[in-house]
Amino acid sequence: VFKLSVTDSQGAQAEDEMVLTVIPANTGAFVLRINAGGGKFINEAGEVYLEDNYYDGGNIFNNPITIINTNQSQIYQTERYGEFQYDIPVPKASSYTIKLHFAEIWFSAPNGTTGGIGSRVYEVFLEENIVMSDYDMLLENASASAIVKVFENISIDDGFVSLKFNSIVENPKIAAIEIIEYQSVQLPLKTASLENQKGDYSIVLYPNPAKDKVNIVFKKDENPIKIIKIYDMSGRLIKEISHDDNYDNNVSLELYLEEFSNGVYNVHFYTLNQRLPLFTKQLIINK
């Protein structure tokens with residue numbers, strides 16, 4: 001049980017007692033990201049993509065061009081292509097979210113060659129089940145554009161996530177793979193405490209899960225939080241909030257969620273001129 005005390009700029013104060021279930025940024029769930037055809041990469045959200053591994057067959061290609069629809073072009077500039085498959089080990093039988101990243105960096109792309117719709121068509125099997133049939137990237141999006149396909153609640157009970165890529169026209173390809181273990185989350189009963197030891201922050205997101213809006217509440221003793229960045233689970237920056245007010249007590253910000261889709265987001269808190277986040281919280285949106 002905690003006490004929440006919020007003070008506004010006029011000195012008015014309100015208090016409430018509550019029960020808190022904490023959802024830490026690192027929940028202990030298994031996460032593995034692979035930069036297909038490339039080396040280790042860490043995006044702005046601090047998410048680590050490992051060097052290409054666990055594959056059988058195929059070739060690699062690199063085209064260092066700007067990729068649109070993403071803030072992490074690097075993972076889309078490399079790829080594994082040809083007839084190939086991945087068998088990626090996971091630590092236990094569980095349900096996983098599988099994210100597959102694609103970009104057409106050859107046909108109709110800078111430094112590539114001419115081509116268009118129909119130049120590349122292939123199919124993707126996940127756990128021996130076809131999940132992408134007659135897939136044509138250029139039918140869905142322009143060249144040099146990031147595409148992410150998400151497959152949720154995939155049950156893995158043999159210790160490996162198996163992906164196979166078969167050609168219909170030209171070579172299949174993939175830019176990156178994410179494997180995220182699904183974990184159920186206990187809902188918070190109320191909001192959270194701002195009471196803290198001197199010199200520490202206490203940061204609250206409520207309600208969490210959120211539907212229409214979320215309140216972001218924090219206090220400071222020193223090194224005030226100035227910037228809040230919200231990333232989706234693919235590492236894409238969705239929202240950046242700059243907080244310019246100087247404050248002595250508590251701050252409560254309201255964020256409306258019209259532009260957000262259902263899912264889990266990482267909320268990073270920065271002080272001024274800080275490259276790495278001071279704190280990270282997870283926000284769940286369920287509309």
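What follows draws every value from the coordinates through simple rules; no lab data is involved. Not measured: the values here are computed from a predicted model. FYI the Cβ positions are ideal-geometry reconstructions off the backbone, even for glycines, and counts take in every protein chain you see.
Cβ neighbours within 10 Å, averaged per peptide: list 155-163, 251-259 in order, most packed at the top. Walk me through the numbers before you get to the answer.
Values: 155-163: 15.0, 251-259: 12.6.
Order by mean packing, descending: 155-163, 251-259.
Can you list which of the trypsin sites (Lys or Arg not before Pro) found in segment 91-151 are DSSP loop residues with at most 13 other C-beta atoms within 10 Å? Listed in order of number, the matching sites are K92. Computed extension length for F279-E170: 34.7 nm, one decimal, from 0.36 nm per residue of separation with the Cα-Cα distance subtracted. Taking all Cα pairs closer than 8 Å and separated by 6 or more residues, the relative contact order of segment 31-181 comes to 33 percent.
Place a label point 7 angstrom from the Cα of I117 along the Cα-to-Cβ direction, then list the residues of segment 123-138 whose backbone nitrogen is under 12 Å away. Counting backbone N atoms under 12 Å from the label point, the list is 136-138. Run through every distinct alpha carbon pair of segment 31-181 and return the Kirkwood hydrodynamic radius in angstroms, one decimal place. When all Cα pairs of segment 31-181 are included, the Kirkwood radius is 15.4 Å.
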